[in-house]
Every structure is written in structure tokens, then in C-alpha cells.
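Only one structure is covered here, and it is reproduced in the block below.
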Amino acid sequence: MKKTTITMTRRLLLLVLAAATMLPALAQGDSLRAGADTLAARRYDTYFWEAMLQRQKHHNDAAFELLRRCIEIRPQASEAHFFLGQYYDGMTGKENKEKALQCFERAFGLSPGNATYMETLAQAYVERQQFAEATTVVEKLYESDKSRQDLLEMLYRLYLEQRDYEKAIGVIDRMELIDGKTERTSLAKSSLLIQNGDKQQAIGVVKTLAEEHPSDLNYRTLYANTLMMDDQQELAVEVLREVLAEEPANYRAQVAMRTYYLMEQDTLRADSLTRSILLNPNTGTDDKVNLMRQEISHSEANGGDSTRVLSLFRDMLALPEPDAGMAEFCAAYMNLKKMPRDTIQHMLRFVLKLAPDNASARLQLVQYAWEDDDNRQVVELCRDARQYNPEEMAFYYYQGMAYYRNEDTDRALEAFQNGISVISEESNPAIVSDFYAVMGDLLHQKGRYSEAYEAYDSCLQWKPDNIGCLNNYAYFLCLDGEQLDRAEQMSYKAIKAEPKNATYLDTYAWIMFAQKRYAEARIYIDQTLQNDSVPSADLLEHAGDIYALNGDMESAVDFWQRALGKKPKDKALMRKIKRRKYQK
């Protein structure tokens, strides 16, 4: 007994020391008590620190039960309620969420000055859309620590959720006392005042901002926009003209003036400003894209004449430093208007000239070359892509397939193997699966059967329903006379997915034949022939073999003769016909 007591005492001492570093945010809790000399206090400490140890080890069930025991022993222990609330909050079910909230409220009630408890409780209220309760807690938290401006942002959003615009404006006032007036705060305040029905004060807020910063033309433009919203067009235009007189290329003023001309239906001046804004070096790419979308939408709504839109694109792309994003947008528009492919390709090549790492533009060019059977161009584009986009698997796939179409199996296999090397957890399973499937086919062609089967297995791990792989894998296993039951299962999945695919039906028929299920093999070979208008020599030979072992030698010989017509030098076929007998 004495030895046990000493061990327990040392253990508790170690736990207390560990907890001192684990829980600095809970220093205001009740757990660290000087002079805890009662039996209940000692029992509580033992259970609580054991709970913290189990929590640190991620033994959550044990920690949960220990914390519940802690509350039974000492209901006034705020830290036990707090940690228990976290466990309830991580559980599913409305009842557990309510228990979590009750625990957080209890912890806060027992230690109202604890910032960690307050912040957790506020977040719990927000998650449950109890915004009024959350606001009360956050206000209290801010009063205890006014250095935390993030709490003002939270208060601002909470008052907006409650549509309490006056208090939201009050929060903005508090922000401005700290950082001064900014465009953001003035705009927000002006917007809130308008929603609160006080337009004049809203305009006054922005006007004051412009007057306090007379050298900042953007604030004067903002003032003009606010006036325009209040239908004070003449005064707004006067302010904008003053701004443009001082700075003709002021992007914001140009946009505001264009808006005014559109409202006045002054198309000529609006179009002129549109061109000026698009050619303005101060206009950002996103703003240019948005403006061009407006122009395209207007063009489509009025007959779809692309002349003006293409003219704007040409002018922008003729600038000394054209934007690659705008060139790509132009190519997309050309595609929308179904312009000649060579015109679109020319623009895509221009995109790559500006931004060689633009994978999207390069991939479109690859797809065009693929559709044109231009394997040389596919290979060149994909080879360059491996320099600029080494992580993009699609380029390895197209390069490998282009080599495959050219019957250059060595380079095809190399391309696919290089593509496999960039696989990650984020890779598209369908693409990875196809990589392995084609690799399997290539490896089997080269007689590297075990490697081929490993590739097929990898393919099916990424995508168990890769139908092409299931068929090929099953067929090759059948030819090798291996794992026929597994081959039959894979082949059956293929024909269930595509019941009229002659290739898949032929595979299944041949597996039935290999399993000596000749009657079933005949049913499926007949379905194969029904779904293949131009049967290959191999298919005809399969049909002959199956009919021969079903006892119909006349039909078998007929199929063999038709097969021989497609491969007249096949000695095995000649022997079958001559001897009127199936031979392996």
C-alpha cells in the first residue's frame, strides 16, 4: 500500500506540472487551488488531471467519462464544464448540441472573466444563430480587451444579422476612432444610413471623407457615385468632370461617367469611354473581363454581331504588354461564335506566347491536334507542357496515346510511366485509372505479363468500374489460362455495363469456352455476331471453335473458312478446316 501511495503521488505531481503548460488560457479557472486539503478536492484533482492526460493521448471516451465524474464531485468546476462541452459539441444529434451549449454557458457563468470561455460561448451562439446572445457575450469580451479589433468586426457582422443598423454604425464609429476614416468604413456607414432611410446623412458621410482627403481623387469619385445613387446627376457629373480634368485616366471616374452615359442612353459617349477604360493601364484584368462580358451580353442581345467585340479585343491585345487572360477570353469568345478553328488556334498560340504555363490553352490546342490526327503536333505540345506544367497528367496521357497511335510503343510506355510519377492524392481517379489501363495493354504487348497484370490491378484500385480494363484484363487472363473464375467475374461486369458491345461479348464467350461451358459460350458468341456487322478474323475463328465443341461442325467449318479469308496464311485455321476438327 505504501508503495502504491508514493507512485500515485509522484504521478499526480507530474500531471500537475504537465497541465501547467497545457492550459495557460484557463488560468482563471477553478482547477488550480491552493490548499486543496479536503478529500473531495483531492479526488477531483485526480480525476481532472487524469482526464487531461487521456485527452492528450486522444483517448476521448475515457476523458469524457472522467470529466462527467469531475462534475459529479464538484459541480462548481468551470473547467470541467468547459471541456465536457467540447466533447458534447463534437457529437452528432440535437440533444448533444444543446448539452454542449449548456456546458459552455455554465463554464462562463462560473468564470465570467475567462476570455476563452467567452469566445467559445459566442461561437456556439453564432453556430446556432442566436445572434442576440452572441452579441452580448462579444460586447463583454471586447470591454475586457479593447486591443482585439477582430471583435469589432464580429460585432459589426452580428448587428447586421439582426438588422440593427444603428448599432452597426456605432461599431463603425468605434473602428474609426482607432484607425481613422477609410473608404471601407465610410462606404459601409453610408450604405447602412441609406438602408436606415437617411440618404442625406449617407451622402454627407462620403462628402466629408472626400473633403478631408482633397488630394485623393478616388474619394471624390466615391462622392459622385453616392450623389448619382440619390438622383443628383448634375452635381455628380460636375464632380466627375473635375476629377477627369485632373486625371484623365482615373479608372473609377471613367467607369462612373460611363454609367451616367448609359443611363442617359448616350451610346456614342458610353462606347468611347468603354474603349478608354479597356485600354487604360490602371484597369485591372478582372474589371476588363467584367466589362467585356457586359459588351458581349449586349452584343448577343442585339443580334450577336461580333464586329465591335472583336475590335475591342484586338485593341487590348495590341497594347505593349497584352494580358494573357484577356487573350484566353478572346479565344473563348471566338469558340462561342463558332469561328474557324485555325483562327481560334492562332489566338491560343498567342496565349501561350504570353504565358507558356497556361495549361488550359495548351490543352485546347492538344485536343484540336488530337481530333485532326496530328500526332506530331500532340507530341510537341505535350513535350513542352512537361516543362511548364509537369504536374498535369493529361499531357502525359495525350503524348503517350499519340505515340501509341504511331505504333511507337517504347515511347508511349515511357510517357505513361512518367505520368504515373506525378500521381498524388488530389489526382483525378478516372485519369489515373486510364493511365494504368493503357500501361497494362502496352506491357502485355511487350510480353511483360506480370507487370501488365500489376498495372491492371492498380487501374482497378483507382476505379473498380473501369470497363475497358475489366475486359482486357479478363481476356488476357483467359488466354493465359489463369484465374478463370476471376476473369469471368470481370468480364461479366463489362457486358452488364455495355450489353451490346461486341468486343466485351466475345471476351465473355471465350471465357465460357475456356471453362468448358460450351452451350453458354454459343449463346454469347451469337450475341457477339449480332452486334458486330464486320466481324474480325479472330472473332470468326472463336465462333468456329465454339460451334465445333457444341457439335455443329458444318457451321464451325463455315466460320473457319470466313476467318481464313481474312488471314489466308494462318496454318492453324487450314488444319482445322482440313481435318474438320477443333485444335488448340
- Query: Hey, Asn290 hits all of (1) at pLDDT 95 or above; (2) among the polar types (S, T, N, Q); (3) over 26 Å from Gln399 (Cα atoms) but one; which does it fall short on?
  - Reply: (1)
- Query: For the range 39-66, how many residues are among the small types (Gly, Ala, Ser) and modelled with pLDDT under 90?
  - Reply: 2
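Here are some residues: Asn389, Asn466. Which one is among the polar types (S, T, N, Q), crowded, with 16+ Cβ neighbours inside 10 Å and modelled with pLDDT under 95? Quick ask: steps written out before the conclusion?
Numbers: Asn466 fails: modelled with pLDDT under 95.
Testing whether each residue is among the polar types (S, T, N, Q), crowded, with 16+ Cβ neighbours inside 10 Å and modelled with pLDDT under 95 leaves just Asn389.
Among the candidates Ala36, Ala124, single out the residue that is open to solvent by less than 40 Å² (accessible area, probe 1.4 Å), more than 24 Å from Gln162 (Cα to Cα), modelled with pLDDT under 95 and touching a Phe, Trp or Tyr at 6+ places or on another chain (Cβ under 9 Å).
Working: Ala124 fails: more than 24 Å from Gln162 (Cα to Cα).
Sole residue among the options that is open to solvent by less than 40 Å² (accessible area, probe 1.4 Å), more than 24 Å from Gln162 (Cα to Cα), modelled with pLDDT under 95 and touching a Phe, Trp or Tyr at 6+ places or on another chain (Cβ under 9 Å): Ala36.
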- Scope the range 68-87; condition free of Cβ contacts under 8 Å to residues at least 12 places away in the same chain and assigned to a helix (DSSP H, G or I); matching residues: Glu72
- Mind listing whichever residues of the range 397-445 are open to solvent by 40 Å² or more (accessible area, probe 1.4 Å), under 23 Å from the mean Cα position of the chain (by Cα) and of a type in the set (Ser, Thr, Tyr)? Tyr397, Ser421, Ser424
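Which one of Glu212, Glu234 is of a type outside the set (Phe, Trp, Tyr) and within 17 Å of Ala253 (Cα to Cα)?
Glu234
Being surrounded by 24 or more Cβ atoms within 10 Å (Cβ to Cβ), among the β-branched types (Val, Ile, Thr) and within 24 Å of Leu442 (Cα to Cα) is the filter here; which residues of the range 496-527 pass it? Break it down into steps so the answer makes sense when it comes.
Going through the range 496-527, the residues surrounded by 24 or more Cβ atoms within 10 Å (Cβ to Cβ) turn out to be 504-511, 521, 525.
Still in the list and also among the β-branched types (Val, Ile, Thr): 507, 511, 525.
The answer is Thr507, Ile511.
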- Out of all the residues in the range 198-221, is one or more more than 24 Å from Ala245 (Cα to Cα), surrounded by fewer than 16 Cβ atoms within 10 Å (Cβ to Cβ) and within 36 Å of the chain's Cα centre (by Cα)? no
- Item | Condition broken by Pro499, with the remaining ones in (1) touching a residue at least 24 places away in the same chain (Cβ under 8 Å); (2) farther than 24 Å from Lys584 by Cα satisfied | (1)
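For the range 469-486, name all the residues that are buried (at least 19 other Cβ atoms within 10 Å of the Cβ) and more than 24 Å from Phe416 (Cβ to Cβ). So that I can check it myself, show each step before the final result.
We begin by selecting, within the range 469-486, every residue buried (at least 19 other Cβ atoms within 10 Å of the Cβ); these are 469-478.
Across the range 469-486, the qualifying residue is only Cys478.
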- Message: Condition (residue is farther than 21 Å from Tyr453 by Cβ, acidic (Asp, Glu) and under 36 Å from the mean Cα position of the chain (by Cα)) applied to the range 503-526: is it met by at least one residue?
- Response: no
- For the range 350-357, does any single residue satisfy the condition of being closer than 28 Å to Glu300 by Cα and surrounded by fewer than 20 Cβ atoms within 10 Å (Cβ to Cβ)? yes
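Could you tell me whether Glu242 is of a type outside the set (A, V, I, L, M, F, W, C), open to solvent by 80 Å² or more (accessible area, probe 1.4 Å) and without any contact (Cβ under 8 Å) to a residue 40 or more places away in the chain?
Details: of a type outside the set (A, V, I, L, M, F, W, C): yes; open to solvent by 80 Å² or more (accessible area, probe 1.4 Å): yes; without any contact (Cβ under 8 Å) to a residue 40 or more places away in the chain: yes.
It is true that Glu242 is of a type outside the set (A, V, I, L, M, F, W, C), open to solvent by 80 Å² or more (accessible area, probe 1.4 Å) and without any contact (Cβ under 8 Å) to a residue 40 or more places away in the chain.
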- Task: Looking only at the range 554-581, count how many residues are open to solvent by less than 50 Å² (accessible area, probe 1.4 Å), more than 57 Å from the chain's Cα centre (by Cα) and not polar (S, T, N, Q).
- Result: 3
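Do we find a residue being out of contact with any Lys or Arg (no Cβ under 6 Å at 6 or more places or on another chain), open to solvent by less than 30 Å² (accessible area, probe 1.4 Å) and without any contact (Cβ under 8 Å) to a residue 60 or more places away in the chain anywhere in the range 258-265? Quick ask: steps written out before the conclusion?
Step one: filter the range 258-265 for residues out of contact with any Lys or Arg (no Cβ under 6 Å at 6 or more places or on another chain), giving 258-260, 262-265.
Those left that are additionally open to solvent by less than 30 Å² (accessible area, probe 1.4 Å): 258.
With without any contact (Cβ under 8 Å) to a residue 60 or more places away in the chain added as a condition, the list becomes 258.
Among the residues of the range 258-265, at least one is out of contact with any Lys or Arg (no Cβ under 6 Å at 6 or more places or on another chain), open to solvent by less than 30 Å² (accessible area, probe 1.4 Å) and without any contact (Cβ under 8 Å) to a residue 60 or more places away in the chain, which makes the answer yes.
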- Query: Which one is nearest to Met263 (Cα to Cα), of the residues in the range 213-235 that are charged (D, E, K, R) and part of a helix (DSSP H, G or I)?
  - Reply: Glu234
- May I ask you to list pairs of residues, at least six apart or on different chains, whose Cβ atoms are under 9 Å apart, with the first in the range 154-168 being of a type in the set (D, E, K, R) and open to solvent by less than 100 Å² (accessible area, probe 1.4 Å) and the second being at pLDDT 85 or above and in a helix (DSSP H, G or I)? Asp164/Thr135; Asp164/Leu158
- Message: For a quick check of your reading of the model, give me the residue pairs whose first member lies in the range 322-339 and is open to solvent by less than 20 Å² (accessible area, probe 1.4 Å), whose second is among the charged types (D, E, K, R), with beta-carbon atoms closer than 8 Å and at least 6 apart or on different chains.
- Response: Met326/Lys288
- Item | Residue check, Ser450 surrounded by fewer than 24 Cβ atoms within 10 Å (Cβ to Cβ) and in a loop (DSSP other than H, G, I, E, B) | no
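Please indicate, with yes or no, whether at least one residue in the range 343-356 is of a type in the set (D, E, K, R) and within 21 Å of Asn418 (Cα to Cα).
If we filter the range 343-356 for residues that are of a type in the set (D, E, K, R), which is where we start, we get 349, 353.
Okay, now just the ones that are also within 21 Å of Asn418 (Cα to Cα), so none.
No, because not a single residue in the range 343-356 is of a type in the set (D, E, K, R) and within 21 Å of Asn418 (Cα to Cα).
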- Message: Quick check on this structure: which one of Asp342, Asp357 is among the acidic types (Asp, Glu) and not in a loop (DSSP other than H, G, I, E, B)?
- Response: Asp342
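The values are calculated or read from the model by the stated rules, or taken from the named source; none is laboratory data. Just so you know, these numbers come straight off a predicted model, no measurement behind them. Reconstructed Cβ throughout: ideal geometry from the backbone, glycine too, with neighbour counts over all protein chains shown. Quick note on the areas: whole protein, heavy atoms, side chains included, nothing else; ligands and nucleic acids left out. Shrake-Rupley method; radii C 1.70, N 1.55, O 1.52, S 1.80 Å.
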